[in-house]
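For reference, the structure is listed below as structure tokens.
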Amino acid sequence: MTSLVTLSGVSKTFDSGTQAIAALDLDVRSGEFLSLVGPSGCGKSTALRIIAGLIAPTAGSVAWPQNKPEIGFVFQEPTLMPWRNALDNARLPLELKGIARGDAEARSRQALARVGLGEFEKAYPRELSGGMKMRVSIARAIAAQPKLLLMDEPFAALDELTRQSLNDDLLKLAREDGITVIFVTHSVYESAYLSDRVVVMTPRPGRVTADIAITQPAERSAAYRLTPQFTDAAGKISAALGHAMAA
């Protein structure tokens, strides 16, 4: 795989004096699903925001060998506009880009259908469950046809069954569209299920302490959670996280 984005010696110290990450080196390859795992406050979300260009690093560099692609961002909270229905929420980033309304609506309608909300275009956020709101948030991101999708603990507040369903849908979308995903999670099991690679970070200031390849199988299903490969992958991630915490 070729590199999509490379962080070299990236550090971030906020105005408050808090150093979130220090000398972070990370190479993200095109087409992979990469999870960032680490203790709270270790700079996982900061790293995502630096990659997205929402904040600048204090030191180090972010390089895009193949030019910076279209980027989608899904936050922990759905952040939907309460006065806009699902279709209009999904259309918002396209609207801000100045895309013609007809084209924007068609792309947003298709995105909603792909996340299982084709019949809820006119529903407002107050009428949707937590899982449905997150599906609208994902539809909003993929409507812009990104090549890189950044996801900051998007399923953390959801029940386990909804979370597993969204995990499967996300893998399907990423595979069908050839999207590179960088996914922040606190869940060892979620990272083991979703990822091609899991990067474990140290407590603040965050650095990479382990880079774990998840090799089997390429396509996941619910049955994968019952396999020795899944148990082994989760065990390796858990051990690396425990080592990071102890260090």
**OP:** For residue 204, work out the one condition from (1) in contact (Cβ under 8 Å) with a residue 24 or more places away in the chain; (2) open to solvent by less than 50 Å² (accessible area, probe 1.4 Å) it doesn't fulfil.
**Re:** (2)
**OP:** Inspect the stretch 37-56 for any residue being open to solvent by 30 Å² or more (accessible area, probe 1.4 Å), touching a strand residue (DSSP E or B) at 6+ places or on another chain (Cβ under 9 Å), of a type outside the set (Gly, Ala, Ser) and in a loop (DSSP other than H, G, I, E, B) and give the result as yes or no.
**Re:** yes
Original post:
Considering the stretch 73-104 alone, what residues qualify as being surrounded by 16 or more Cβ atoms within 10 Å (Cβ to Cβ), under 22 Å from the mean Cα position of the chain (by Cα) and of a type in the set (Val, Ile, Thr)?
Top reply: 74
Subject >> Every pair of residues 6+ apart whose Cβ atoms lie under 9 Å, when the first sits in the stretch 149-167 and is closer than 20 Å to residue 179 by Cβ and of a type outside the set (Asp, Glu) while the second is modelled with pLDDT of 95 or more and open to solvent by 50 Å² or more (accessible area, probe 1.4 Å) >> reply: 150/49
Subject >> Subset of the stretch 58-72 (residues that are open to solvent by 40 Å² or more (accessible area, probe 1.4 Å) and either on the phi > 0 side of the Ramachandran plot or not β-branched (Val, Ile, Thr) (or both)) >> reply: 59, 60, 61, 63, 64, 65, 66, 67, 68, 70
Subject >> Every residue from the stretch 108-149 that is in a helix (DSSP H, G or I) and either open to solvent by 30 Å² or more (accessible area, probe 1.4 Å) or acidic (Asp, Glu) (or both) >> reply: 109, 110, 113, 114, 126, 127, 130, 132, 133, 135, 140
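The values are calculated or read from the model by the stated rules, or taken from the named source; none is laboratory data. Keep in mind that this is a model prediction, so the values were computed, not measured. Cβ sites come from the backbone with ideal geometry, for glycine too, and all protein chains shown count toward neighbours. Heads up: the accessible areas ignore ligands, DNA and RNA and are worked out on the full protein's heavy atoms, side chains in. Shrake-Rupley method; radii C 1.70, N 1.55, O 1.52, S 1.80 Å.
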